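Take a look at the structure set out below.
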Amino acid sequence: MSRSEFWSLVERIRATDGRYRPEAYAFVMEALDATVCAAGERRHVSAAELLAGACEHASRVYGLMALTVLRSWGIRTGSDVGEIVFQLIDAGVLSRRDEDTRADFDQEI
């Protein structure tokens with residue numbers, strides 16, 4: 001998927017659900033990529049792995065401002081990350097296993 005196609009899908013998602021800034025979607029994709037890279041192999045990652053990876057990525061990129069930056073984009077809890085993930089799944093950007101649920105993300109970040 002090209003960058004322009006990704007951003008077009010993000011805008012379509014936001015047209016019906018504007019809770020999250022566009023940057024939040026890019027952050028989740030970057031955090032997913034960083035988590036998969038840290039795993040050392042291309043594979044499915046669990047919600048817990050993605051949330052841990054997202055925290056590490058945010059800390060690495062934004063330092064002490066990480067929580068402030070994420071909150072400004074609408075990401076306050078693990079549930080927000082999960083909602084973005086499932087919106088991207090519904091849009092065909094990401095895939096999931098049958099056992100993956102939104103509730104898997106119900107954690108603090």
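The values are calculated or read from the model by the stated rules, or taken from the named source; none is laboratory data. Computed from a prediction, not measured in an experiment: that's the story for all the values here. Cβ coordinates were reconstructed from backbone atoms using ideal geometry, including for glycine residues, and neighbour counts include every protein chain displayed. Side chains included, ligands, DNA and RNA excluded: accessible areas come from the protein's heavy atoms. Shrake-Rupley method; radii C 1.70, N 1.55, O 1.52, S 1.80 Å.
Brief remarks on what is shown
- Of residues in region 7-45 being surrounded by fewer than 16 Cβ atoms within 10 Å (Cβ to Cβ) and of a type in the set (S, T, N, Q), the one nearest to Ser95 (Cα to Cα): Ser8
- Members of region 72-83 found to be among the polar types (S, T, N, Q) and in a helix (DSSP H, G or I), listed by number: Ser72, Ser79
- Pairs are defined by a Cβ separation below 8 Å, a sequence spacing of at least 6 or placement on different chains, a first member in region 40-65 that is within 23 Å of Thr101 (Cβ to Cβ), and a second member that is in a helix (DSSP H, G or I) and among the acidic types (Asp, Glu); the pairs so defined are Ser46/Asp104; Ala47/Asp104; Ala48/Asp104; His57/Glu30.
- Region 72-109, subset out of contact with any Gly (no Cβ under 6 Å at 6 or more places or on another chain) and of a type in the set (S, T, N, Q), residue surrounded by the most Cβ atoms within 10 Å (Cβ to Cβ): Gln87
- Close contacts from region 87-99, counting a first residue that is in contact (Cβ under 8 Å) with a residue 60 or more places away in the chain and a second that is assigned to a loop (DSSP other than H, G, I, E, B) and of a type outside the set (A, V, I, L, M), with Cβ to Cβ under 8 Å and a gap of 6+ residues or different chains, come to Gln87/Asp17.
- Scanning region 84-106 for residues that are assigned to a helix (DSSP H, G or I) and not hydrophobic (A, V, I, L, M, F, W, C) yields a count of 4.
- When Glu49 is tested against (1) out of contact with any Ser or Thr (no Cβ under 7 Å at 6 or more places or on another chain); (2) within 17 Å of Ile109 (Cα to Cα), exactly one condition is not met: (1).
- Checked against the criterion of being open to solvent by less than 40 Å² (accessible area, probe 1.4 Å), farther than 13 Å from Ala24 by Cβ, in a helix (DSSP H, G or I) and among the β-branched types (Val, Ile, Thr), region 50-71 has no qualifying residue.
- Glu5 under 20 Å from Thr101 (Cα atoms) and not hydrophobic (A, V, I, L, M, F, W, C): no
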